[in-house]
Amino acid sequence: MSINTTTEVYQNPLINRYASREMSFIFSDDFKFSTWRKLWIALAEGEMELGLNITQAQIDEMKAHINDINYDEAIKREKETRHDVMSHVYAFGLQCPSAKPIIHLGATSAYVGDNTDVIQMNEGLMLVRKKLINAINNLAKFALKYKDLPTLGFTHFQPAQLTTVGKRSCLWIQELLMDLEELEFQLGRMKLRGVKGTTGTQASFMSLFNGDHEKIKQLDKIVAQKMGFSESFAVTGQTYSRKLDSQVLSVLSHIAESTYKFSNDIRLLQSLKELEEPFEKHQIGSSAMAYKRNPMRSERIGALARFVITNSLNPAFTAATQWFERTLDDSANKRLAVPQAFLAIDSILDIMINVTSGMVVYEKMIKKHIDLELPFMATETILMEAVKRGGDRQELHENIRVYSMEASKRVKEEGLDNNLIELIINDPSFHMSKEEILNLMDARNFVGRAPEQVVEFLEDHVYTILRENIDILNIQVDLKV
């Protein structure tokens with residue numbers, strides 16, 4: 001039976017539905033195998049510069065075929081040899097007959113495989129960094145716009161002291177800043193595997209360079225620099241330590257944790273009708289319930305975030321279970337775990353950029369919820385003011401307790417408005433006029449330093465980062481679904 005590759009076999013939704021073209025390309029065959037060829041060229045150039053019998057003509061021939069990869073030849077060869085690297089060495093050699101004798105000279109398969117893995121992860125982290133900063137930028141604008149807007153705070157998802165809409169968004173930003181700091185630390189310590197030979201001893205290069213240790217050390221540095229890295233790992237087995245994969249995916253997992261928390265908050269706020277993610281004109285919320293406006297983008301963030309968090313266990317177990325200089329039980333797992341973690345976190349950040357660029361705030365609903373709860377929260381302030389006017393603290397406290405029970409019953413059992421303040425206004429023992437009590441009830445009196453905290457946080461911790469990265473701000477994302 002012939003197979004239609006687009007409809008009759010499984011298609012990875014991370015590619016087809018979620019991830020950006022940019023991230024998909026980083027983990028594509030074109031990027032991978034062109035990087036293999038760049039690594040073979042860097043190796044040959046380094047060997048030539050250090051005195052081996054390699055010509056510039058051979059280098060130029062290889063450079064002419066970096067991107068026109070003859071996949072058919074490589075695939076056909078791999079069916080015979082069951083070895084992907086040697087199949088691509090063979091295919092490259094067909095295109096570069098004069099350079100064929102020196103391609104992959106002294107190297108092991110991990111030279112191209114592992115170094116390319118590091119390069120892909122490094123490129124992926126830089127793209128993640130770009131999108132993470134854009135999400136922070138969107139939230140910073142939102143925080144500043146709504147820094148003064150009072151809203152109910154929640155602890156245990158029960159109404160608590162007031163905060164502001166802008167202050168709450170600073171909580172989201174702060175976690176993303178923690179992730180950014182960790183991401184940049186990881187970028188700063190990324191190293192190539194380098195030029196180390198079959199078990200990391202560089203024995204093959206000892207033969208090539210007649211035991212010249214300095215030239216071998218130089219070759220390691222030259223290749224790293226040509227590939228854009230300041231250094232390679234000082235020691236390796238056949239592979240770089242698989243702990244690197246675990247460290248990198250841990251960074252992605254932490255970003256997933258932060259974005260998951262953000263998405264859950266949005267979902268709860270949308271249920272309260274206080275805030276909504278963008279909802280397009282022709283978007284359908286439910287196939288049955290036409291009125292629904294579901295927070296489907298935030299829900300998708302949560303779904304993908306769970307995948308990233310659990311997937312981070314894959315490289316952790318792989319790093320823990322490697323034997324001596326290497327075992328091959330890492331390979332199949334790495335091919336799945338590492339690219340898909342990047343594709344998923346890329347999808348998450350695209351959705352988050354989309355959501356944070358168009359969140360809708362319903363101020364009247366927020367005020368309605370405040371009005372239901374603020375009377376209870378305001379009683380301590382009213383009590384203190386009444387005592388200052390000569391009232392008996394214990395007597396007034398008991399009055400408030402009784403009125404609170406009465407108002408709470410009215411709200412919960414009868415579904416009526418909270419009339420606690422009205423009951424207090426009508427009690428002469430508080431020695432306060434209606435106007436004086438209502439003036440105390442301004443929600444802005446109960447947000448503490450939230451507006452000032454927003455400004456201070458943005459100025460002290462966010463704007464410097466945004467100014468330093470102004471050239472990558474305000475990117476456009478295209479959600480496929």
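The values are calculated or read from the model by the stated rules, or taken from the named source; none is laboratory data. Note that the coordinates shown come from a computational prediction; the quantities given were computed from them, not determined experimentally. When we count neighbours, we look across all protein chains shown, and the Cβ atoms used for this are built from the backbone with ideal geometry, even at glycine.
Picking from THR116, THR108, which residue would you name as being more than 30 Å from GLU22 (Cβ to Cβ), touching a Lys or Arg at 6+ places or on another chain (Cβ under 9 Å) and in contact (Cβ under 8 Å) with a residue 60 or more places away in the chain?
Values: THR116 fails: more than 30 Å from GLU22 (Cβ to Cβ).
Only one candidate qualifies: THR108.
Could you say whether any residue in the stretch 138-151 is part of a strand (DSSP E or B) and among the polar types (S, T, N, Q)?
Within the stretch 138-151, the first condition is being part of a strand (DSSP E or B), and the residues that meet it are 150-151.
Subset that is among the polar types (S, T, N, Q): 151.
Yes, some residue in the stretch 138-151 is part of a strand (DSSP E or B) and among the polar types (S, T, N, Q).
Within the stretch 235-245, which residues are surrounded by fewer than 20 Cβ atoms within 10 Å (Cβ to Cβ) and part of a helix (DSSP H, G or I)?
If the condition is that a residue be surrounded by fewer than 20 Cβ atoms within 10 Å (Cβ to Cβ) and part of a helix (DSSP H, G or I), then LYS243 is the only one that fits.
In this structure, is GLU8 at pLDDT 95 or above, more than 30 Å from PHE209 (Cα to Cα) and outside the structural domain of SER98 (by TED's automatic domain parsing)? Don't jump to the end; show me each part of the working.
Working: at pLDDT 95 or above: no; more than 30 Å from PHE209 (Cα to Cα): yes; outside the structural domain of SER98 (by TED's automatic domain parsing): yes.
In short, no.
Please tell me if LEU372 is under 40 Å from the mean Cα position of the chain (by Cα), at pLDDT below 90 and in a helix (DSSP H, G or I). Lay out the reasoning, then the answer.
Values: under 40 Å from the mean Cα position of the chain (by Cα): yes; at pLDDT below 90: yes; in a helix (DSSP H, G or I): yes.
For LEU372, the condition - under 40 Å from the mean Cα position of the chain (by Cα), at pLDDT below 90 and in a helix (DSSP H, G or I) - is met.
Can you give me the number of residues within the stretch 93-105 that are of a type in the set (A, V, I, L, M) and surrounded by 18 or more Cβ atoms within 10 Å (Cβ to Cβ)?
From the stretch 93-105, those of a type in the set (A, V, I, L, M) are 94, 99, 102-103, 105; that's our starting set.
Imposing the further condition that a residue be surrounded by 18 or more Cβ atoms within 10 Å (Cβ to Cβ) reduces the set to 99, 102-103.
Here the count works out to 3.
For the stretch 74-92, name all the residues that are closer than 15 Å to HIS104 by Cβ and either surrounded by 15 or more Cβ atoms within 10 Å (Cβ to Cβ) or free of Cβ contacts under 8 Å to residues at least 24 places away in the same chain (or both). Even if it seems obvious, please write down each step before you answer.
We begin by selecting, within the stretch 74-92, every residue closer than 15 Å to HIS104 by Cβ; these are 74, 77, 81, 83-92.
Those that are closer than 15 Å to HIS104 by Cβ and either surrounded by 15 or more Cβ atoms within 10 Å (Cβ to Cβ) or free of Cβ contacts under 8 Å to residues at least 24 places away in the same chain (or both): ALA74, ARG77, THR81, ASP84, VAL85, MET86, SER87, HIS88, VAL89, TYR90, ALA91, PHE92.
Please enumerate the residues belonging to the stretch 325-348 that are small (Gly, Ala, Ser) and touching a Phe, Trp or Tyr at 6+ places or on another chain (Cβ under 7 Å). Walk me through how you get there before you give the answer.
So the first thing to find is which residues in the stretch 325-348 are small (Gly, Ala, Ser), and the list is 331-332, 337, 341, 344, 347.
ALA344, SER347, listed by residue number.
Please indicate, with yes or no, whether at least one residue in the stretch 205-214 is in contact with a strand residue (DSSP E or B) (Cβ under 6 Å, 6 or more places away or on another chain) and among the charged types (D, E, K, R). So that I can check it myself, show each step before the final result.
If we filter the stretch 205-214 for residues that are in contact with a strand residue (DSSP E or B) (Cβ under 6 Å, 6 or more places away or on another chain), which is where we start, we get none.
No - not one qualifying residue is present in the stretch 205-214.
Criterion first (in contact with a Ser or Thr (Cβ under 8 Å, 6 or more places away or on another chain), farther than 18 Å from SER347 by Cα and crowded, with 21+ Cβ neighbours inside 10 Å) does LEU176 satisfy it? Don't jump to the end; show me each part of the working.
Working: in contact with a Ser or Thr (Cβ under 8 Å, 6 or more places away or on another chain): yes; farther than 18 Å from SER347 by Cα: no; crowded, with 21+ Cβ neighbours inside 10 Å: yes.
No, not satisfied.
I'm trying to understand the selection: among the residues of the stretch 364-397, which are without any contact (Cβ under 8 Å) to a residue 60 or more places away in the chain, of a type outside the set (A, V, I, L, M, F, W, C) and closer than 30 Å to LYS273 by Cβ?
LYS364, LYS368, ASP371, THR379, GLU380
Taking the stretch 429-460 on its own, how many of its residues are closer than 17 Å to SER404 by Cα and either in contact with a helix residue (DSSP H, G or I) (Cβ under 6 Å, 6 or more places away or on another chain) or surrounded by fewer than 12 Cβ atoms within 10 Å (Cβ to Cβ) (or both)?
Adding up the residues that qualify gives 3.
In the stretch 79-101, what count of residues is obtained for those that are touching a Phe, Trp or Tyr at 6+ places or on another chain (Cβ under 9 Å) and not hydroxyl-bearing (Ser, Thr, Tyr)? Break it down stepwise before answering.
To start, the set of residues in the stretch 79-101 that are touching a Phe, Trp or Tyr at 6+ places or on another chain (Cβ under 9 Å) comprises 81, 85, 88-89, 91-92, 99-100.
Next cut, not hydroxyl-bearing (Ser, Thr, Tyr) only: 85, 88-89, 91-92, 99-100.
Matching residues across the stretch 79-101 total 7.
Out of the stretch 33-73, which residues are among the hydroxyl-bearing types (Ser, Thr, Tyr) and either within 12 Å of LEU105 (Cβ to Cβ) or surrounded by 15 or more Cβ atoms within 10 Å (Cβ to Cβ) (or both)?
Within the stretch 33-73, the subset among the hydroxyl-bearing types (Ser, Thr, Tyr) is 34-35, 55, 71.
The answer is SER34, THR35.
State the number of residues belonging to the stretch 63-96 that are at pLDDT 95 or above, in contact with a Ser or Thr (Cβ under 8 Å, 6 or more places away or on another chain) and not in a helix (DSSP H, G or I).
Adding up the residues that qualify gives 3.
Specify which of the listed residues (LEU219, LEU252, LEU268, LEU275) is surrounded by fewer than 19 Cβ atoms within 10 Å (Cβ to Cβ) and either in contact (Cβ under 8 Å) with a residue 24 or more places away in the chain or under 19 Å from ARG306 (Cβ atoms) (or both). Please lay out each step first, then the result.
Details: LEU219 fails: surrounded by fewer than 19 Cβ atoms within 10 Å (Cβ to Cβ); LEU252 fails: surrounded by fewer than 19 Cβ atoms within 10 Å (Cβ to Cβ); LEU275 fails: surrounded by fewer than 19 Cβ atoms within 10 Å (Cβ to Cβ).
One residue alone meets the criteria, LEU268.
So which residues in the stretch 459-473 are touching a residue at least 12 places away in the same chain (Cβ under 8 Å), in a helix (DSSP H, G or I) and over 15 Å from LEU176 (Cα atoms), if there are any at all?
Initially, the stretch 459-473 is screened for residues touching a residue at least 12 places away in the same chain (Cβ under 8 Å), giving 461-463, 465-466, 469, 472-473.
Adding the requirement that they be in a helix (DSSP H, G or I) leaves 461-463, 465-466, 472.
Correct list: ILE472 only.
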